[in-house]
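I have placed the structure first, in the form of structure tokens, so that the comments after it can refer back to it.
The values are calculated or read from the model by the stated rules, or taken from the named source; none is laboratory data. Source: prediction; values computed, not measured. Neighbour counts run over all protein chains shown; Cβ positions are idealised from the backbone, glycine included. The protein model used for the area step is the full one, side chains on, heavy atoms only, and it has no ligands, DNA or RNA in it. Shrake-Rupley method; radii C 1.70, N 1.55, O 1.52, S 1.80 Å.
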Amino acid sequence: MKKRVKFMVTAFRDGFQSVYGARVFSRDYMPAVEAARAAGINYFEAGGGALFQSLYFYCNEDSFDMMDTFREKAGPEADLQTLARGVNVVGLDSQSSDVIDLHARLFKKHGISTIRNFDALNDVNNLIYSGECIVKAGLRHEICITLMELPPGCTGAHTAEFYMATLDKILEAGIVFHSLCFKDASGTSVPSKVYDTVKAARQKVGEGVNITFHTHETAGNSILCYKAALDAGADQIDLSLEPVSGGTCQPDVLTMWHALRGTDYDLGIDPNKVREAEEVLKECMADYFLPPEAKKVDPLIAWFPLPGGALTANTQMMRDNNILDRYEEVMAAMGDAVAKGGFGTSVTPVSQFYFQQAFNNVMFGPWQRFAEGYGKMVLGYFGKTPVPPDPEIVKLAREKMNLEPTDKTALEINDADPKKGLAAARAMLEKEKLPISDENLFIAAACREKGIAFLKGQAVVGVRKKSTEAKEGEPKGQPSSGPGPARESGGGLFPGGTGLAAQGRYDLLSRVEGQVMAVLAQPGAAVDSGTPLYTLKTAAGEIQVASPLAGRLESLTLAPGTPLSAGAKAGVLSGGSPVSPVPPQAAPPVQPASPPPAQPASSAGEAVKANLSGTVIRHTAAVGQSVKAGDILLVIESMKMEIEIPATASGVLQSLPAAPGTQVFTGDILALIG
């Protein structure tokens with residue numbers, strides 16, 4: 001008799017994350033959930049992980065509403081599972097005890113039945129309390145050990161023996177769990193190690209414990225690894241549905257069904273009904289831009305073990321910021337970040353730490369700037385890494401971040417941090433006069449400023465659809481890096497326009513919505529890059545809008561008191577053109593934002609320009625304030641990092657043209673100092 005293999009369909013969480021960077025409107029795919037249910041599938045990954053934050057960050061949707069709808073469509077008997085990152089729960093940053101407890105209670109309230117709980121460092125201390133909260137909330141707890149293959153040449157962890165030592169610690173800690181998962185997010189583990197790991201685990205936990213194995217097709221060996229896991233005694237595997245299967249995702253249900261034909265294993269499906277469900281999902285997703293890298297098997301992934309979900313999330317962000325040409329350089333630098341960082345498993349959030357540090361090493365020079373997450377990881381703030389990080393890297397992180405190493409647990413640190421926890425979240429809501437509820441408290445704690453923006457109705461949609469791209473288009477004369485926010489290079493609040501730079505004319509399109517308060521320049525006037533053109537009252541306050549480049553102001557069709565919508569044409573500039581993108585082979589590293597020696601601003605004003613594309617998240621100085629060179633003026637978010645922008649001269653802050661929430665690009669004017 002054939003062994004029935006249990007499987008969870010990951011299409012609606014990991015599949016979306018691995019292909020679309022989790023930027024998917026839930027209303028678009030719910031018909032496919034119903035179709036999968038009709039095909040006999042009753043075990044779904046339904047949220048958590050990056051999908052939780054992504055709905056607030058990119059889709060202007062509430063994740064709790066999504067989970068409620070998913071439960072309705074999947075039916076009352078379906079097992080709905082989400083992914084949690086130990087003490088991080090569903091955020092990139094780790095959380096305090098009260099937020100971890102609220103996470104479990106809210107997910108239970110909103111229809112979830114199982115939580116898969118992992119720690120990227122395999123530090124069991126980070127699983128004890130989170131696991132306790134999951135069980136206490138009445139949820140099924142699938143505890144997780146994270147796997148990967150180290151880059152060639154690295155040794156010291158990530159062997160079957162290391163994973164069994166981690167399992168021993170889980171058992172010794174007395175953590176209650178209902179299922180044991182071995183999760184390889186990068187898909188780099190070799191089949192022989194998978195077999196040895198699962199076989200040893202089966203011997204330790206006995207026959208009564210459900211063992212799951214999870215991998216991705218990114219390295220091209222997922223089917224072999226799944227077969228090895230089954231042969232070693234695994235009960236369950238994770239599979240996906242077309243068009244979010246294969247490549248950076250899990251193998252397709254039908255691919256695995258086919259691979260198991262003629263063996264002693266059976267998925268127990270009707271393949272024709274699954275085909276029908278896949279056709280529905282393909283139709284649901286037909287309008288979404290599918291990044292080519294999402295469906296690719298990459299033979300070099302062993303050298304930079306980036307998980308599928310992180311790979312496309314980061315390429316999508318690089319598209320947003322018009323720096324996708326630097327991707328291969330960043331990937332080449334990632335192996336070094338892994339080798340020197342203590343061998344945490346490359347799964348969120350550690351995979352993002354690796355990527356961010358590699359990104360910084362390329363953009364700012366090797367080890368000149370530490371990504372906050374990477375630096376704190378090597379200094380011990382998220383727990384104990386599998387092996388000690390490189391001592392020189394620890395020394396550099398300590399010096400550059402002005403932060404001492406610690407051996408305290410992440411929970412101890414977070415519970416003592418007044419900026420974390422439900423009290424801090426409540427203060428954020430009260431400051432903005434937002435309703436206090438458990439859901440809103442958790443959104444504020446997990447998503448910070450972007451969560452508050454969502455609750456205030458100011459969230460920005462960043463979903464890439466073909467129809468939207470065809471309607472909005474990219475500026476003509478610019479090389480396309482794929483669908484997404486597009487602009488010609490410029491400054492201030494102008495995202496670019498009609499692409500008429502070749503004819504010496506440049507349409508000035510407003511990037512934000514507001515009301516014109518004053519017009520500061522007249523048609524026919526000669527303007528420099530950074531010359532104030534008008535003031536605009538926005539939801540974030542009054543801002544001054546500057547010219548993105550030098551030239552003659554041909555027209556400025558504005559009057560005080562008139563509304564100006566985002567994307568509306570404010571005027572035309574002639575006699576200048578935006579800077580052309582630098583060819584990839586000639587792109588130099590961006591210099592660190594460390595300030596030069598203090599010097600007075602020039603009489604024309606000192607322009608502080610962005611050395612990196614991103615989104616302004618807060619101002620830390622006010623217009624009219626006296627500042628010194630090196631004072632922090634504002635903070636932008638880029639590649640999920642917060643980048644402080646310092647004053648480059650001493651003087652009086654004349655303007656901050658980019659309001660919080662504004663997307664800025666390399667070379668944009670962020671401040672004027674006079």
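Observations on the model:
- Taking every DSSP bridge with both residues inside the chain, close to 55 percent are antiparallel.
- Solvent exposure of the range 302-415 amounts to 34 Å² per residue of accessible area, where only protein heavy atoms count and the probe is 1.4 Å.
- Area projected by the alpha carbon convex hull of the range 42-125, averaged over all directions, nm²: 5.7 nm²
- Between Cys154 and Ser555, the distance separating the two model label sites (each 7 Å from Cα on the Cα→Cβ line) works out to 5.7 nm.
- Stokes-Einstein, applied to the Kirkwood radius of the range 391-435 over Cα pairs at a viscosity of 0.890 mPa s and 25 °C, places its translational diffusion at 189 µm² s⁻¹.
- Values of log10 I(q)/I(0), in the order q = 0.13, 0.30 Å⁻¹, for the range 139-196 under a Debye, Cα-only, solvent-free model: -0.37, -1.32
- Label-point separation in nm, Glu399 to Gln515, each point 7 Å along Cα→Cβ: 5.4 nm
- At a probe radius of 1.4 angstrom, the accessible area of the range 185-275 per residue rounds to 33 square angstrom.
- Descending by average beta-carbon neighbour count within 10 Å, the peptides 118-124, 217-223 line up as 118-124, 217-223, the highest first.
- Between Ser565 and Leu224, the modelled label-to-label distance comes to 5.6 nm, taking each label 7 Å out from Cα in the direction of the beta carbon.
- Additional length obtainable on full extension of the chain from Asp68 to Ala38, 0.36 nm per residue less Cα span: 8.9 nm
- Fully extending the segment from Val461 to Ser574 would add 37.5 nm, taking 0.36 nm per residue of separation and subtracting the current Cα-Cα distance.
- Reported to the nearest whole Å, the Cα centre-to-centre distance from the range 650-668 to the range 366-436 is 27.
- Under 20 Å of direct C-alpha separation, and excluding same-chain neighbours fewer than eight residues apart, Lys282 reaches these lysines: Lys73, Lys273, Lys295, Lys296, Lys465, Lys466.
- Carbon + sulfur, % of accessible area of the range 236-395 - ligands and nucleic acids excluded, 1.4 Å: 54 percent
- Calculated FRET efficiency for the pair Asp631/Ala173, C-beta based, R₀ 45 Å, to 0.05: 0.45
- Using the Cβ-Cβ distance between Ser192 and Arg4 with R0 = 30 Å, the FRET efficiency computed as 1/(1 + (r/R0)^6) comes to roughly 0.70.
- Stokes-Einstein D in µm²/s, Kirkwood radius over Cα pairs - the chain at 25 °C with 0.890 mPa s viscosity: 94 µm²/s
- Using the rule -39500 (n - 2.57) for each DSSP H run of four or more residues, divided by the residues of the chain, the 222 nm mean residue ellipticity is -10500 deg cm²/dmol.
- D (Stokes-Einstein, µm²/s), Kirkwood Cα radius, the range 104-215, 1.002 mPa s at 20 °C: 147 µm²/s
- Unit charges at the beta carbon, dipole of the range 72-157: most positive-side option, Gly86, Pro76, Ile112: Pro76
- Segments 303-316, 620-633 sorted - mean Cβ within 10 Å per residue, highest first: 303-316, 620-633
- Largest to smallest accessible area among Lys204, Lys384, Lys420 [probe 1.4 Å]: Lys384, Lys204, Lys420
- For the pair His258 and Ala416 in one chain, pulling the backbone fully straight at 0.36 nm per residue adds 51.6 nm over the alpha carbon distance.
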